[in-house]
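What follows draws every value from the coordinates through simple rules; no lab data is involved. Because the structure is a prediction, the values reported are computed rather than measured. Every residue, glycine among them, receives a Cβ derived from its backbone with ideal geometry; neighbour counts consider all protein chains shown.
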Amino acid sequence: MRRTGFSTRSLWVASLVEIGVPLLIGTTIGVLTSLLAGSLAVPRLDPMPSLQPPAIFSTPWGTIAGIAVALPLWTASIAGVIARSTARSTRWRCCTVNSDGPIAYCHHISRTFIVRGDDVSALDDIDLVVERGRLTAIAGPSGSGKSTLLSILGCLDRPTTGRVVLAGHELTVLSRRQRRTLRRTTVATMLPQPAHNLLLARSGTHNLTLAARQRHAGVDGIAELIETLDIGAFVGRPCNTMSGGEQQRVALACALAGSTPLVLADEPTGSLDATSAAHVIAALVRATEAGATVVTASHDPAVIQSASAVVRLDHGRRVS
Ligand code: ADP
Ligand code: MG
C-alpha cells in the first residue's frame, strides 16, 4: 500500500481548538451557575458582602451545581472531537488503494463553468482510468475539454460533479491544504503557456535545478533530460531570451525533472517543428520507461501514435 504523507500538525491544532473552545464555554457556564447557586444557597447576612469569600468556594452546592452543568458540556465536546477525528481517519483509510492499481481515475465527472450567468459545459460525464507507467494521450479538437481534464487530474481544478481518485486519495474529501500537498508530491504539470511554467528572468538551468530541488531530487537526471530534449544549446540562457518552442522544451524538462510519479503535459508539441516534437515524444516515452505515468493533452498525430492509451474527447464528452 502506498500513501502520501501529510502533516498531522494541522489536525492537532484543529482538534485543540475544537476541544478548547467548548471546554472554555462549559467551564464559564459552570462557574456562573456555581456562583448563582452558591449565592441562592447562602443567605448573605454580612452587611459587607465584599469581605465574604466567593460563593463558589463557600458552599458545596455551588460547586456541585457548576460541575453538574459543566460536565455534560465537557463530555459532549470531547466526544464530538473523537467522533470527528474517527470519521476523518476512516474517510482517509477508505480512499487508500493498492499501489499496483491505476494512479488516477475519474468517475462520472462533469465540469461546468458559469460565464455571465450562462452554463458552459467543459466536461460532461467522463469516466477515465489512468494506468501506471503508461503514456496516455487525451485527444480531441480545440475546446473539447482536454485542458480542463488535465487541470482536474493535476488538482488545479475540481469537477462540478463526480469523483476523482489520485494516488489512492479521493480528491473531493481532501482539504485544500491536503490537495496542495498531494499535488506537490505526486504531480508535475506542464501548462501550455511556457511563461506559466518558468521563471523567465532566470536561465533554463536554474529553472531545472529549482524543479528538481523542489521535488527533493538530485540533479543527476538533468544532463540526460537536456540531451534527450536537445536543449543544451540554449538551456544556459535566460528563458526570456528563448523562442516559444525553446521555452516549451525547457518547461517539459522541468516537469520531468525529479521523477514525479504523474506527469501531465498540456500540448507539449504545440509550437514545435517535427524534429523538436520528436525529441519531446522521446522524452515522454523515456519517462514512462523510467516508471513515471504521463498524461498528455494533444491533437498532434505523432504524440497520439506514440501513446499506449488514447482517450478522445469531443464537446466535453468522451467518444472513445
Ligand atoms: P481544450 O483544452 O480541449 O481546447 P478546454 O478544456 O480548454 O479545451 O475548454 C473546454 C471548454 O471549456 C471550452 O468551451 C472553454 O471555452 C471552456 N472553458 C475552459 N476553461 C474555462 C473557464 N475558466 N471559464 C469559462 N469557460 C472555460
Ligand atoms: Mg487546451
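Values for this structure:
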| read-out | value |
| --- | --- |
| Estimated inter-spin distance, Val173 and Glu227, nm [label 7 Å along Cα→Cβ] | 4.6 nm |
| Exposure proxy order (Cβ contacts within 10 Å, fewest to most) of Thr186, Thr260, Thr75 | Thr75, Thr186, Thr260 |
| Cα-projected label distance for Val21 with Arg202, points at 7 Å along beta-carbon direction, nm | 3.9 nm |
| Relative exposure of His216, His169, His279, judged by other C-beta atoms within 10 Å (fewest first) | His216, His279, His169 |
| Cut-off under 5 Å, modelled amide H: who pairs with Ala265 long-range | Met190, Val295, Thr296, Ala297 |
| Ala79-Thr161 FRET efficiency (beta carbon distance; Förster radius 35 Å; 0.05 resolution) | 0.55 |
| Alpha-carbon centroids, segment 276-310 and segment 222-239: separation in whole Å | 19 Å |
| Global form of segment 181-248, assessed from the alpha-carbon gyration tensor, a/c cut-off 1.5 | oblate |
| Whole-Hz ³J(HN,Hα) from phi, Karplus 6.51 cos²θ - 1.76 cosθ + 1.60, for segment 240-248, glycine and proline x | 6, 9, 9, 6, x, x, 5, 4, 4 |
| Segment 132-318 - percent relative contact order, Cα under 8 Å, separation 6 or more | 39 percent |
| Pairwise FRET efficiency - Ile114 versus Asp220, Cβ, R0 = 41 Å, nearest 0.05 | 0.30 |
| Inter-label distance for Ala290 and Leu32, nm, one decimal - labels placed 7 Å from Cα along Cα-to-Cβ | 6.4 nm |
